[in-house]
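Here the structure comes first, spelled out in structure tokens, and everything after it is commentary.
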Amino acid sequence: DYGGYHTVRAGVKHPSLAPYGAYSSADGTDVIFSVQNDREWVSFCEKFLKQPELTRAPGFADNMERLGNRAQLDEIIKRRFSELSCHEAMQELEAAGLAFGRLNEVSDVSKHSHLRRVEVATPEGIVETIAPAAIFNSEHPSLRPVPALGAHTEAVREEVLGLLRKRAASA
């Protein structure tokens with residue numbers, strides 16, 4: 001509870017910003033965007049919705065009013081998105097100066113062009129996996145082979161027993 005407003009689960013919608021969420025474009029691709037302040041609201045209405053009169057319409061003039069009328073606002077936004085392809089919607093959101101992006105499925109993310117992949121040796125052969133994100137001094141990390149099950153059991157056992165013997169001797 002903040003300011004008398006109870007926050008409820010909202011999925012990809014933001015509980016205290018409206019509009020904010022994912023909307024389906026005419027080609028079925030979901031686009032997520034947010035309006036975070038009054039300047040963005042005016043730009044969104046003028047450049048994306050093509051409804052400048054909505055900027056000060058009763059029920060939509062400020063964020064708290066829009067939150068209270070989110071269902072009605074969502075219908076207006078859904079109608080506009082249904083007229084645009086994903087590419088067109090993102091172009092118009094960019095022209096309006098809003099934060100936006102395509103809402104990807106996990107399978108889309110794993111094929112994303114910015115996701116680096118590396119090959120790693122395993123006892124069952126080479127596998128391709130997602131590369132570690134960090135790159136230090138422009139060097140990509142090299143990954144050691146995945147050990148076979150039990151490959152290091154004896155070494156770990158000896159190390160632990162050695163530590164226990166040292167502890168017992170010093171006690």
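With N denoting the number of residues in segment 20-103, provide Rg(C-alpha) divided by 2.2 N^0.38 Å, to two decimal places.
Details: Rg = 11.7 Å, N = 84, 2.2 N^0.38 = 11.8 Å.
Normalised Rg, Cα atoms only: 0.99.
For segment 73-166, what relative contact order do you get, as a whole percent, if you take Cα pairs closer than 8 Å and at least 6 residues apart?
Values: 45 pairs, mean separation 14.5, N = 94.
Rounded, it is 15 percent for segment 73-166.
With a 10 Å Cβ neighbour count serving as the proxy for reagent exposure, in which order, fewest first, do Phe81, Phe100 appear? Mind showing how you got there, number by number?
On the way: Phe81 23, Phe100 16.
The most exposed by this proxy come first: Phe100, Phe81.
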Query raised in the report: Placing +1 at every Lys and Arg Cβ and -1 at every Asp and Glu Cβ, with all other atoms neutral, what dipole size does the chain have around its Cα centre, in debye to the nearest 20?
Result: 560
Query raised in the report: With each run of n ≥ 4 DSSP H residues scored as -39500 (n - 2.57), what mean residue ellipticity at 222 nm is computed for the chain after dividing by its residue count and rounding to the nearest 500 deg cm²/dmol?
Result: -9500 deg cm²/dmol
**Report entry** Taking segment 20-103 and dividing mean pair separation by its residue count, relative contact order in percent (alpha carbons under 8 Å, at least six apart)
**Finding:** 46
Query - DSSP-assigned coil residues among trypsin sites (Lys or Arg not before Pro) in segment 38-87, each with at most 12 further Cβ atoms within 10 Å - result: Lys50
Query - Loop-located GluC sites (Glu not before Pro) in segment 38-87, at most 13 other Cβ atoms within 10 Å (DSSP) - result: Glu83
Query raised in the report: For the chain, what size does the Cα cloud have along each of its three principal axes, sorted from largest down, in whole Å?
Result: 81, 42, 30
Report task. Taking the dipole about the Cα centre of segment 117-170, with the C-beta of Lys and Arg at +1 and of Asp and Glu at -1, give me whichever of Val160, Gly125, Ser142 is farthest to the positive side. Result -> Val160
Query raised in the report: Given H placed on each backbone N at 1.01 Å, which residues far from Asp30 in sequence or on other chains put an amide H within less than 5 Å of it?
Result: Ser25, Leu103
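Computed from the coordinates by the stated procedures, all read-outs in this text should not be read as laboratory data. The structure presented is a predicted model; accordingly, all values stated were derived computationally and were not measured. Ideal geometry is used to build each Cβ from the backbone, glycine not excepted, and the neighbour counts take in all protein chains shown.
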